[in-house]
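Encoded as structure tokens, the structure appears first; notes follow it.
The values are calculated or read from the model by the stated rules, or taken from the named source; none is laboratory data. Owing to the predicted nature of the structure, the values given are computational and were not obtained by experimental measurement. We place every Cβ from the backbone using ideal geometry, glycine too, and count neighbours over all the protein chains shown. Surface accessibility is based on the protein's heavy atoms, side chains included, excluding ligands, DNA and RNA. Shrake-Rupley method; radii C 1.70, N 1.55, O 1.52, S 1.80 Å.
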Amino acid sequence: MTKGRCSLKTDGAGTQVRILVVDDHEPFRRFVSSTLHGQTNLSVIDEGQDGLQAVHKAQTLQPDLILLDIGMPGLNGIEAARRIGELAPNARIIFLTQESSPDVVREAFSLGARGYVVKVQAGEELLIAGDSVMQGKQFSSSGLDGHGDLNTV
């Protein structure tokens, strides 16, 4: 697994990666956004606090990357990802959640998620995961039971 911090690369055309951050816990959402704002090639275009907002904003904004929590009120992240896959098919999804159940991780990837980062690892892995996903690879947090780093997929 790649170690240390790295920055997300542009999409190859020199444009910024447009990111939607969706999490119901405002302090964590602020942490994620501030981490991303520190990168010159990233643009957090909006934030949301539940799955319904995620679906609506994904359809309206068509972001390049969506950082999506699973445990949210109204519509959970798994169901939101199902809908987003139909409404914003070019958006890449990284689940950023505290959920680490192998069944949930498998379901997330089966829905087309490109990355899965456990919140306790976000400080170390978020930028690495984003970089991997934007390069067309999959990423899974270290320490997930039976999943490990999927960067070579």
Given (1) in a loop (DSSP other than H, G, I, E, B); (2) touching a residue at least 24 places away in the same chain (Cβ under 8 Å); (3) not β-branched (Val, Ile, Thr), ASP131 misses just (1)
When every residue in the stretch 54-63 that is in contact (Cβ under 8 Å) with a residue 12 or more places away in the chain and part of a helix (DSSP H, G or I) is compared, the one surrounded by the fewest Cβ atoms within 10 Å (Cβ to Cβ) is GLN59
For the stretch 87-110, the count of residues that are in contact (Cβ under 8 Å) with a residue 12 or more places away in the chain and either assigned to a loop (DSSP other than H, G, I, E, B) or more than 20 Å from LEU126 (Cβ to Cβ) (or both) equals 9
Taking the stretch 69-79 and the residues there that are more than 23 Å from LEU127 (Cβ to Cβ) and either part of a helix (DSSP H, G or I) or touching a Cys at 6+ places or on another chain (Cβ under 6 Å) (or both), the one that is least open to solvent (accessible area, probe 1.4 Å) would be ILE78
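For (1) surrounded by 24 or more Cβ atoms within 10 Å (Cβ to Cβ); (2) more than 14 Å from the chain's Cα centre (by Cα); (3) modelled with pLDDT of 90 or more, each residue gets a yes or a no:
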position	(1), (2), (3)
SER110	no, yes, yes
ALA113	yes, no, yes
LYS137	no, no, yes
SER141	yes, no, yes
ASP145	no, yes, no
ASN151	no, yes, no
| said: Suppose the filter is closer than 19 Å to GLU125 by Cβ and at pLDDT 95 or above; does LEU42 pass it? | reply: no
In the stretch 88-106, anything out of contact with any Ser or Thr (no Cβ under 9 Å at 6 or more places or on another chain), open to solvent by 10 Å² or more (accessible area, probe 1.4 Å) and either modelled with pLDDT of 95 or more or not small (Gly, Ala, Ser) (or both) is listed as PRO89, ASN90, ALA91, ARG92, ILE93, GLN98, GLU99, PRO102, ASP103, ARG106
Picked from the stretch 28-53 (must be assigned to a helix (DSSP H, G or I) and β-branched (Val, Ile, Thr)), the residue least open to solvent (accessible area, probe 1.4 Å) is VAL32
Checking ILE66, ILE84 in turn, the sole residue that is outside any helix (DSSP H, G or I) and open to solvent by less than 10 Å² (accessible area, probe 1.4 Å) turns out to be ILE66
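Whether any residue in the stretch 111-124 is farther than 20 Å from VAL21 by Cα and not in a strand (DSSP E or B) is what I want to check. I'd like the intermediate steps shown before the answer.
Initially, the stretch 111-124 is screened for residues farther than 20 Å from VAL21 by Cα, giving none.
There is no residue in the stretch 111-124 that is farther than 20 Å from VAL21 by Cα and not in a strand (DSSP E or B).
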